[in-house]
Amino acid sequence: MQNEQWKLFLAPYNQAVEELKVKLRGIRSQYELQHSNSPIEFVTGRVKPIASILDKSKRKGIPMENLEDDMQDIAGIRMMCQFVDDIKVVVNMLKSRNDLEIVEERDYITSKKDSGYRSYHVVARYPVQTVAGEKKLLVEIQIRTLSMNFWATIEHSINYKYSGNIPEDIKVRLKRAAEAAYSLDEEMSQIRGEVQEAQAIFSRKTENDRT
Ligand SMILES: Nc1nc2c(ncn2[C@@H]2O[C@H](COP(=O)(O)OP(=O)(O)OP(=O)(O)O)[C@@H](O)[C@H]2O)c(=O)[nH]1
Ligand SMILES: Nc1ncnc2c1ncn2[C@@H]1O[C@H](COP(=O)(O)OP(=O)(O)OP(=O)(O)O)[C@@H](O)[C@H]1O
């Protein structure tokens, strides 16, 4: 594909990512206004870089004409939660929305990946309005705790550095670190009530300071 063709192909994906970021960040703001604890800590999103699309299509044998149907993560959203239990709340909230349709779920929390990776993945079909009419696109939504995100971000950069061939000793350390990150999640879950009460007090205090 030429540069112009890529721009045209990716434009609806950009739109989907921008729209979903606004919508999902809006949910957090609603919780904030009510001074109640949000199951969503923060939301990020990206359109897969062209080099990464080309690399993945080669790796997985996906022909260019099948990208729309067979590459599920061209539009990607990530939702970070404070607690493991919040992840189910977020997934159910996504399921109850009428602006997207969940087509696949992958639970890498109950069944972590070999690398140690944990996250909950949802693939959804999301409609964007284009000048040529409505277009339904696949969007990958990754839902994870802050601690899972910390691990995955670091592991992703190490993987990049070693082009996917991480030395065995580092792999072992990363797996150990993944378990440590999960222990942190479990410990924090034990004091969830305490943490949330403190955050509610702090949120009211900062609002009072502002007014
Ligand atoms: N850091 C990190 N991220 C991962 C790992 N496994 C999956 N991911 C993330 O999850 C996405 C893929 O999710 P999967 O459900 O494994 O999708 P897949 O099509 O089966 O596999 P991919 O070929 O990796 O896309 C990747 O693009 C990453 O963003 C991992 O071991 N480490
Ligand atoms: N669903 C997502 N939401 C937000 N950011 C994402 C999502 N998926 C990947 N990213 C981030 O986007 C950047 C580029 O991602 P890229 O698609 O090249 O990586 P990847 O997810 O590891 O891809 P692959 O599936 O091809 O191995 C990375 O920083 C990655 O962490």
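So the values come out like this:
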read-out	value
Heavy-atom accessible area order for Met64, Met71, largest first, 1.4 Å probe	Met64, Met71
GNM result for the chain, Cα springs below 10 Å: residue of Ile50, Ile109, Ile77 fluctuating most strongly	Ile50
Above-threshold pairs, the threshold being 27 Å between Cα atoms, out of Lys112/Lys161; Lys7/Lys171; Lys56/Lys112	Lys7/Lys171
Anisotropy class of the chain from Cα gyration tensor, a/c 1.5 cut	oblate
Mean-position separation - Cα centroids, segment 144-211 and segment 62-115, in angstrom	19 Å
Which of Asp209, Asp70 is most accessible, then next, and so on - probe 1.4 Å	Asp209, Asp70
Point-charge dipole on Cβ atoms (K/R +1, D/E -1) for segment 3-210, about Cα centre, debye to 20	320 debye
Expected 222 nm ellipticity per residue - DSSP helices of 4 or more, -39500 (n - 2.57), all of the chain, to 500	-18500 deg cm²/dmol
Heavy-atom accessible area ranking, 1.4 Å probe, most first, across Ser52, Ser119	Ser52, Ser119
Probe 1.4 Å - accessible area at Phe9, Å² to nearest ten	40 Å²
Sulfur and carbon atoms: percent of accessible area, segment 3-210 [1.4 Å]	52 percent
For the chain: accessible area per residue (Å², 1.4 Å)	60 Å²
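The values are calculated or read from the model by the stated rules, or taken from the named source; none is laboratory data. Everything numeric in this text was worked out from a predicted model, so none of it was measured. Note that we place each Cβ from the backbone using ideal geometry, even for glycine, and neighbour counts take in every protein chain shown. Accessible surface areas use protein heavy atoms only, side chains included; no ligands, DNA or RNA. Shrake-Rupley method; radii C 1.70, N 1.55, O 1.52, S 1.80 Å.
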